[in-house]
Amino acid sequence: MAVLGVLLWRGGFGVLPMERELVWQLPVSYAEVRAVDLQVWDGETLLKRERRRFEHGVSEELRTTVPLVRGTKRFLAAVELVDGGTPGWTVERDPADERTLVMRPH
């Protein structure tokens, strides 16, 4: 029973979804950010989308959680800046056994 419990707790070797924390590191001045659109895709399926607004900019790294299985996922972030600019980027990666994934553009 203990082995089965550990197996299920760790996502069943990637077959079962495991709760992951995503840390979004923005490649812009956090003080200039007024809105973000964060998305997680598995192929053509949108797994999670969060839109957030900030009146006075972002004060810390953005964090969110999502259950994921192994396999390459696409992580998209679009940012709206105080000057109206809208930079965005995409990261593709396999979460493997990582519980925390840091999303930053290369």
Seminar exercise, completed: Percent of all Cα-Cα pairs per 5 Å bin for segment 66-106, counting from 0 up to the last occupied bin, reads 6, 19, 26, 18, 14, 9, 6, 2
For this session: Quote to one decimal, in nm, the extra length available between Tyr30 and Asp97 on full extension: 0.36 nm per residue of separation minus the C-alpha distance between them.
Result: 21.2 nm
Exercise. Please state the relative contact order of the chain as a whole percent: Cα pairs under 8 Å, 6+ residues apart?
Worked result: 33 percent
Seminar exercise, completed: Ranked from fewest to most other Cβ atoms within 10 Å of their own Cβ, Phe54, Phe75 fall in the order Phe54, Phe75
Exercise. Do any trypsin sites (Lys or Arg not before Pro) in segment 33-106 lie in a loop, going by DSSP, with at most 14 other beta-carbon atoms within 10 Å of their beta carbon, and if so which?
Worked result: Arg99
For this session: Ratio to report: Rg/Rh of the chain, with Cα atoms as the point set and Rh obtained by the Kirkwood method; give two decimals.
Result: 1.06
Seminar exercise, completed: Quick calc, Asp42 & Asp83: beta-carbon distance into FRET formula, R0 41 Å, rounding 0.05, result 0.75
Exercise. 222 nm [θ] for the chain, helices only, -39500 (n - 2.57) per DSSP H run of 4+, per residue, to 500?
Worked result: -2000 deg cm²/dmol
For this session: Using θ = phi - 60° and the Karplus relation 6.51 cos²θ - 1.76 cosθ + 1.60, list the HN-Hα couplings for segment 50-57 in order, rounded to whole Hz, with x at every Gly or Pro.
Result: 10, 10, 10, 10, 9, 6, 10, x
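Only the coordinates and a few stated rules stand behind these numbers; no lab work does. Computed from a predicted structure; not experimentally measured. All Cβ positions, even for glycine, are placed from backbone atoms using ideal geometry, and neighbour counts span all protein chains on display.
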